[in-house]
Amino acid sequence: MPTSENFKDFTLEMLSNALQGTQYRFSAKKMFGEYCIYVADDSAIAPKPIFLLCDETLFVKEHKILQPLLESSPKGFPYPGAKESYILDIDSPQILREVVLTLAPTLPNPKPKKVKENH
């Protein structure tokens, strides 16, 4: 079941509330009926992909830096063929905040898009 726009908006609101008072902002881009959630801060060149929102569930990749924080969290597959990811409790502002504060500074900046040349 694809993620609804209402649930996407709810997720963005929960993330914004959990990170209130920080420099982090969130946005979402629709992809194949699901969403990629992006995080940006005041120094960001471009927003960085941080979460996947699939089947009304918030997923984060199994980054080593998150292991101590999420070792008891459930895991699942965001979509067929994807690697297993942690499932985050969207109703836990503390977990959302800790995951973003831990992970966001370590994420690489997105690679610049290649400019197509017209010949």
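Among the trypsin sites (Lys or Arg not before Pro) found in region 1-110, those both in a DSSP coil and sparsely packed, with 12 or fewer other Cβ atoms within 10 Å of their Cβ, are LYS83. Rounded to the nearest Hz, the phi-derived 3J(HN,Hα) couplings of region 76-84 under the Karplus curve 6.51 cos²θ - 1.76 cosθ + 1.60 (θ = phi - 60°) are x, 10, x, 7, x, x, 7, 6, 4, where x marks glycine and proline. About its Cα centre, the dipole of the chain is roughly 660 debye, where the only charges are +1 on Lys and Arg Cβ and -1 on Asp and Glu Cβ. Measuring nothing but protein heavy atoms, the accessible surface of the chain at 1.4 Å probe radius is 53 percent carbon and sulfur.
Taken over the chain, the percentage of Cα pairs per 10 Å bin, counting from 0 up to the bin with the maximum distance, is 13, 44, 33, 7, 2, 0. Rolling a 1.4 Å probe over the heavy atoms of the protein chains gives the chain an accessible area of 66 Å² per residue.
The alpha carbons of region 64-103 occupy a box of 29, 23, 17 Å along the principal axes, longest dimension given first.
Free of any GluC sites (Glu not before Pro) that DSSP assigns to a loop and that have at most 15 other C-beta atoms within 10 Å, the longest stretch within the chain is 1-61.
Taken over region 47-86, the convex hull of the Cα atoms encloses 81 Å³ per residue. Since only PRO108, PRO68, PRO93 are under comparison, the one whose Cα sits farthest along the positive direction of the charge dipole of region 20-119, derived from C-beta charges on Lys, Arg, Asp and Glu, is PRO108. Region 67-119 and region 11-62 have Cα centres spaced 8 Å apart.
Calculated FRET efficiency, THR102 to LYS29, Cβ-Cβ distance, R0 = 35 Å: about 0.95 to the nearest 0.05.
The values are calculated or read from the model by the stated rules, or taken from the named source; none is laboratory data. Treat the numbers as computed from the prediction; the structure is a model and nothing was measured. Cβ atoms come from the backbone with ideal geometry, glycine included; neighbour counts cover every protein chain shown. The protein model used for the area step is the full one, side chains on, heavy atoms only, and it has no ligands, DNA or RNA in it. Shrake-Rupley method; radii C 1.70, N 1.55, O 1.52, S 1.80 Å.
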